[in-house]
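Quick notes on the structure that follows.
The values are calculated or read from the model by the stated rules, or taken from the named source; none is laboratory data. Quick caveat: nothing in here was measured; it's all calculated off a predicted structure. Methodologically, a virtual Cβ is constructed for each residue, glycine included, from the backbone with ideal geometry; neighbour enumeration extends over all protein chains shown.
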């Protein structure tokens, strides 16, 4: 008779948890998964997928305007928020059902329940009031937007979670934050017709991104009519009727209809009973893990946003695959967080992989920098005042490309393939020897022959 009810019990039905449970079950293991809300996690339900659908929606207004330069006459445009939300909800439900179906198909037992630790090998399913045991336990509960703002009136604010389900679109909105979520929603709301103000405590948005990308995006946002206010903190919000009056630490008062907080995310570990299992947590409540995603308790692992390492869906899936190889295939596989391509779905987008200029210098590289700043072909006829920026960071001694940064439409699509090249160790000479695809914005990657400047650490 088996010592435990399951070989593996997964807590959380997001992308990482689903992948790990499916792959372990396909290895012939007895696997169960508990998800208390809906399969798909942040990415599918209230993150990447609905956000990208909203990004698409927000771009059509400009597309209609740009069409005139190409000979099209477009009737007066009209946007219906409720149609967008309803269609988004339908697609999210479809994807969530698909996630669940794939888990069932793999032979994983599903519990639509909340699982909490009783001891290192025992979990309590709250709805069913049932105790189950497992040889290995994988925590994949993700994270959530923080709402812990320390000023009066913070209760009037929403987060990205609520933004996907608003009963109506506000005429004016303030987004507090300067990360990619804040920037993306600023463009979404602006593109859908809202008067948009972004308030950020730092001196420049998108901390951690390459400086040229940060500057290019800020300039673009100002040109679009998105107000970007930096070096500001929200101090108080008063509500009078349907209006909100926002006060900053500089004594300013901003009137708006809605305030959205995009000031960070926190791991979902509250109330899980992790202290009963002896699992160590970090300052933000994240599960502390080693390079194999193992916690300080040998048989308890954690992957994805709950570990607060690199909060990206493909990274959680990669960590899930490394977990399965390590635990069930006898191939200890550390997670690889290097050269992960990422994108900011602003308008235009930012796509980036590898080191920024500052990071390369901090790591001791002497670098050659190549830049191309140009007006995209499309806008020679549309008349829109937009420019694209491509940038390569190259190690001056080895000629190896250390980083690539793109500010352009479809940057996210382009940077994925660049990530492959950098993962293979491509040099600037490799880029130069590749024949350009013309006419395209991406051809700039292989036609930048004149060095913009060099720097030493």
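With (1) closer than 30 Å to residue 231 by Cα; (2) touching a residue at least 40 places away in the same chain (Cβ under 8 Å) as the list, and residue 136 as the residue in question, which single condition is left unmet?
All conditions pass for residue 136, except number (1).
Please determine, by comparing only the residues of segment 329-341 that are in contact (Cβ under 8 Å) with a residue 24 or more places away in the chain and touching a helix residue (DSSP H, G or I) at 6+ places or on another chain (Cβ under 8 Å), which one is nearest to residue 63 (Cα to Cα).
The extreme case among them is 341.
Identify the single condition in (1) crowded, with 21+ Cβ neighbours inside 10 Å; (2) touching a strand residue (DSSP E or B) at 6+ places or on another chain (Cβ under 8 Å); (3) closer than 19 Å to residue 385 by Cα that residue 227 does not satisfy, given that it satisfies every other one.
Single failed check for residue 227: (1).
If we scan segment 240-262, do we find a residue that is at positive phi, out of contact with any helix residue (DSSP H, G or I) (no Cβ under 6 Å at 6 or more places or on another chain) and touching a residue at least 24 places away in the same chain (Cβ under 8 Å)?
no
Is it true that residue 93 is out of contact with any strand residue (DSSP E or B) (no Cβ under 8 Å at 6 or more places or on another chain), under 30 Å from residue 22 (Cα atoms) and surrounded by 13 or more Cβ atoms within 10 Å (Cβ to Cβ)?
Criteria met by residue 93.
Filter segment 361-377 down to the residues that are surrounded by 19 or more Cβ atoms within 10 Å (Cβ to Cβ) and assigned to a loop (DSSP other than H, G, I, E, B) and list them by number.
Correct list: 365 only.
Kindly list the number of the only condition in (1) farther than 24 Å from residue 262 by Cβ; (2) in contact with a helix residue (DSSP H, G or I) (Cβ under 9 Å, 6 or more places away or on another chain) that fails for residue 97.
If we test residue 97 against (1) farther than 24 Å from residue 262 by Cβ; (2) in contact with a helix residue (DSSP H, G or I) (Cβ under 9 Å, 6 or more places away or on another chain), just (2) comes out false.
I'd like to verify a number: residues in segment 31-58 that are part of a loop (DSSP other than H, G, I, E, B) and touching a helix residue (DSSP H, G or I) at 6+ places or on another chain (Cβ under 9 Å), how many?
Going through segment 31-58 one residue at a time, the tally reaches 5.
Every residue, every condition in (1) assigned by TED's automatic domain parsing to the domain that holds residue 347; (2) in a strand (DSSP E or B); (3) in contact (Cβ under 8 Å) with a residue 60 or more places away in the chain, yes or no:
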| residue | (1), (2), (3) |
| --- | --- |
| 394 | yes, yes, no |
| 401 | yes, yes, no |
| 407 | yes, yes, yes |
| 414 | yes, no, yes |
| 418 | yes, no, yes |
| 422 | yes, no, yes |
| 425 | yes, no, no |
| 429 | yes, no, no |
| 439 | yes, no, yes |
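Conditions (1) surrounded by fewer than 16 Cβ atoms within 10 Å (Cβ to Cβ); (2) within 24 Å of residue 158 (Cα to Cα); (3) at pLDDT below 95; (4) in contact with a strand residue (DSSP E or B) (Cβ under 7 Å, 6 or more places away or on another chain), marked per residue:
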| residue | (1), (2), (3), (4) |
| --- | --- |
| 219 | yes, no, no, no |
| 238 | yes, yes, no, yes |
| 247 | no, yes, no, yes |
| 269 | no, yes, no, yes |
| 278 | yes, no, no, no |
| 282 | yes, no, no, no |
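Restricted to segment 370-409, and to residues that are modelled with pLDDT of 95 or more and out of contact with any helix residue (DSSP H, G or I) (no Cβ under 9 Å at 6 or more places or on another chain), which residue is nearest to residue 62 (Cα to Cα)?
So the residue we want is 396.
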